[in-house]
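Here is the structure we will look at, set down as structure tokens.
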Amino acid sequence: MANNDSKVHIISVTVENRSGVLARIAGLFSARGYNIDSLSVGETEDPTVSRMTIVVRGDEKILEQIYKQLNKLIDVIKVQDLTSEEFIDRELVLVKVHTANGQARQEVMQLVNIFRAKIIDVGKKTLTVEVAGSGSKVRAMIEFLKGFGIKEITRTGRIAISREFGK
Amino acid sequence: MTGSQIIVETLKKEKVSVMFGYPGGSVLPLCDALYDSGIRFILTRHEQGAAHAADGFARASGKTGVCLATSGPGATNLVTGIATAYMDSIPMVILTGQVATHLIGNDAFQEVDTTGITRPITKHNYLVKNPNDLVRTIREAFYVASTGKPGPVLVDIPVDVQKAEGNFVYPERLEMRSYKPVYEGHPLQIERAMKLLAESKKPLIIAGGGVISANGSAQLRKFAEKTRTPVALTLMGLGSIPTDHPLHLGMVGMHGTRYGNYAVMETDLMLAIGCRFDDRVTGKINEFAPKAKIVHVDIDPASIGKNVEVEVPIVGHITSVLQKFLEHAPKPDTSEWLAKIAEWKEKYPLTYNHGGDGLKPQFVVQTLSDITGGDAVISTEVGQNQMWTAQYFKFKKPRSLISSGGLGTMGFGFPAAIGAQVACPDATVVDIAGDGSIQMNIQELSTAVTEKIPVKVVILNNCCLGMVRQWQELFYKRRYAFTCLKGTHPNFVKLAEAYGAAGYRVEKKSDLKKILIKALAERERPAIVECIVEPEENVFPMVPAGASLNEMVEGLA
């Protein structure tokens, strides 16, 4: 699906909080060959409703189909493409990074300060860093940490919400 | 009340009078409750037969078809039938038994993840774990199956839930915040469509299965007549306007009429109503209707703009949109266009080589059409038999062709005909079959005999899997891999008789009519009419897969 018009979209989907809904959504994406970058799910202010934040890549035509096919699912309450409006996004990432010597440790700790990340665990030869932020911030932090050698990484996937400011 | 009694009471509230199914360990309590419920239970000889019969019942009647099977193999045997209904948007409710709730996930005896397996082939499905959820769930299942774009809905019910005590409180109103089908077309879009029609010189309606499922045939016909717009049909749309109507252009697509396909290539405004531009209809997609602006009316937003670019999308219930079209219908001057089409019809009619003594399959279909005057419910299997039926049977009414369009399921026609006959007990119901496909669900002869369901099966026996053989002849250098059935068939006449049905064989053209008349007169039992037809006959015209609609192959010998 190498397409020049291909763009990243963050789709927010509110669904009935029932078993099987995640499988339904995941199944739709795999059956129709749409690519998911990340998907995260959680309960909303209403416990009977869950929100899924799905990051997908595709051109306008594919996005339109994704939007329509999601809406067609009986358990889906609302589908919103957040990237079509003002939005705020965050991702939480935990990175275990190699720090072979004192100098590497110092450098990582400086980076952590600059990015306003946190050190949450210390090993003999590693530091574990927690970084939260927008897609671009997280990407930049990971790029820097790669230079030291990343032992392990785990990420939540992006979540997002529309901006109220100016509304 | 037990869960099973709750299910039965809910089915009655949903006005279910008949269901098709097969018992088993996980539906014992439910079968027991159905036993003296007053709901007619038709025992098929295979769960696939039950699913297709419920489907055929729904297509013929417009009501929701219901079928039942047990857990595990019972449920998996339904899968082809459910997928068939899903592809053609047929309203169906499927009840399956499931192992007891405490065993789910344990790989228990006859356990499969039924909702998991059927998720991509149902409009929606449910697993009910609490007897108090049964009423609402089943009520929802019927509502979802029959509204919006219809489709099959499955309810999986563990055996312990069928036995447990619960309350029966039928909710008169049903509110689903996540399911709200759109019925009214957008007035501005309707206005735009009618404006385009007013300016059009060569408008063309393409009507699909959506017109039939929405019971919109009468409105379609009025609209076509008022605007003098010719109507071409997809396979699923056949019957939505009578074949002998002057504006009728026959089927379009791979085996469509020449004049129908030419009209698609020449039209300047296509009004696509309740169709979804399947690849068998469009041929090469970027050469489809090259001169036309397209107005697409469908209940399903996802069908619009999926395969072809659309100028005016209209989401709504077909009948309601057609009604609005009628109210705003312009009177475009289409006389030149209609004259052009009449010329094509004259020059390129559907035809085949009538010569010789041999029995031609097209002639069999034509004769059946003449004898019944088109006043019959015809089901088909899939392949050549299906295409010849679509080309040569003169359908007069909607819901008179019952055929697996989207999935193309061999073995569908016969059990579907049984369902159709149950829905229309007084109608003449005929399955036009091939010698290959009829053997995929032949066991249902036993069902038809036992239940005194007088369906007729006309087997076009060419001793091969004809449509695949045709492709091999045209595109695989006549290498007939696994398609020749010569010398392998049972004696179909004796087979029919062994089941207690009537069996006839026709080998000569001159015998056909009188034998068909005799077979159609059977009212107490099913009848098989085996027609030994010319083996090398092909379905023409044909647009090779991936070619443009004006690149039709004609093969008159």
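Summary table
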read-out: Backbone HN-Hα couplings from phi across the range B:350-366 [Karplus 6.51/-1.76/1.60, Hz, Gly and Pro as x]; value: 5, 7, 8, 7, 7, x, x, 8, x, 8, 8, x, 4, 5, 4, 5, 4
read-out: Computed Rg/Rh of the range B:3-163, alpha carbon atoms with Kirkwood Rh; value: 0.92
read-out: Order by protection proxy (mean Cβ within 10 Å, highest first), peptides B:405-416, B:245-256, B:516-527, A:103-114; value: B:405-416, B:245-256, B:516-527, A:103-114
read-out: ³J(HN,Hα), Karplus 6.51/-1.76/1.60, whole Hz, each residue of the range B:175-181, x for Gly, Pro; value: 10, 10, 5, 9, 9, 9, x
read-out: Violating pairs (Cα-Cα greater than 23 angstrom) within the set B:LYS226/B:LYS397; A:LYS78/B:LYS149; B:LYS13/B:LYS129; B:LYS284/B:LYS331; B:LYS396/B:LYS452; value: B:LYS284/B:LYS331; B:LYS396/B:LYS452
read-out: Prolate/oblate/rounded label for the range B:187-347 (Cα gyration tensor, a/c 1.5); value: rounded
read-out: Amide proton proximity set for A:LYS78, modelled H, under 5 Å, gap of 5+; value: A:THR14
read-out: In order through the range B:214-228: 3J(HN,Hα) via Karplus (6.51 cos²θ - 1.76 cosθ + 1.60), integer Hz, x for Gly, Pro; value: 8, 6, x, 4, 5, 5, 4, 5, 4, 5, 4, 5, 5, 9, 6
read-out: Cut-off 14 Å between beta-carbons: net charge of the residues surrounding B:PRO120, Lys and Arg +1, Asp and Glu -1; value: +4
read-out: Alpha-carbon centroid distance for the pair the range B:186-211 / the range B:142-180, whole angstrom; value: 37 Å
read-out: Overall form of chain B per C-alpha gyration tensor (a/c, 1.5; a/b vs b/c); value: oblate
read-out: For B:LYS202, residues with placed amide H under 5 Å, excluding near neighbours; value: B:ASP268, B:LEU269
read-out: Separation of alpha-carbon centers, the range B:341-384 and the range B:1-80, rounded to whole Å; value: 37 Å
read-out: CD proxy at 222 nm, helix term only [per DSSP H run n ≥ 4: -39500 (n - 2.57); per residue of chain B; nearest 500]; value: -11000 deg cm²/dmol
read-out: Point-charge dipole on Cβ atoms (K/R +1, D/E -1) for the range B:3-163, about Cα centre, debye to 20; value: 560 debye
read-out: Neighbour net charge for B:ARG469 - beta-carbon separation under 14 angstrom, K R +1, D E -1; value: -1
read-out: Partner lysines for B:LYS360 [C-alpha distance under 22 Å; skip if fewer than 8 residues away on the same chain]; value: B:LYS394, B:LYS456, B:LYS486, B:LYS508, B:LYS509, B:LYS513, B:LYS514, B:LYS518
read-out: Principal axis dimensions, largest first and in whole angstrom, of the range B:456-557 by Cα; value: 48, 28, 23
read-out: Rounded to the nearest 20 debye, dipole of the protein assembly as shown from Cβ charges on Lys, Arg, Asp, Glu; value: 720 debye
read-out: Shape category assigned to the range A:88-162 from the gyration tensor of Cα positions, a/c cut at 1.5; value: prolate
read-out: Neighbour cut-off at most 11 other Cβ (10 Å), DSSP loop, chymotrypsin sites (Phe, Trp or Tyr not before Pro), the range B:50-130; value: B:PHE109
read-out: Translational diffusion coefficient (Stokes-Einstein; Kirkwood radius from C-alpha pairs) of the protein assembly as shown at 20 °C, 1.002 mPa s, in µm²/s; value: 76 µm²/s
read-out: Loop-located GluC sites (Glu not before Pro) in the range B:83-188, at most 15 other Cβ atoms within 10 Å (DSSP); value: B:GLU172, B:GLU175, B:GLU184
read-out: Residues of the range A:48-90 with amide N under 15 Å of a point placed 7 Å along Cα→Cβ from A:ALA26; value: A:52-55
read-out: 5 angstrom amide H check on B:VAL18, placed H, neighbours 5+ away; value: B:ARG40
read-out: Cα centroid separation - the range B:436-492 against the range A:126-167, whole Å; value: 61 Å
read-out: MRE, 222 nm, helices only [DSSP H, n ≥ 4, -39500 (n - 2.57), over chain A, to nearest 500]; value: -9000 deg cm²/dmol
read-out: Cα-based Kirkwood hydrodynamic radius, the range A:7-132, one decimal, Å; value: 17.0 Å
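Bear in mind that the values in this text are calculations on the coordinates, not laboratory data. Remember, predicted model here, so these are calculated numbers, not experimental data. No Cβ is skipped: glycine too gets one built from the backbone with ideal geometry, and neighbour counts run over all protein chains shown.
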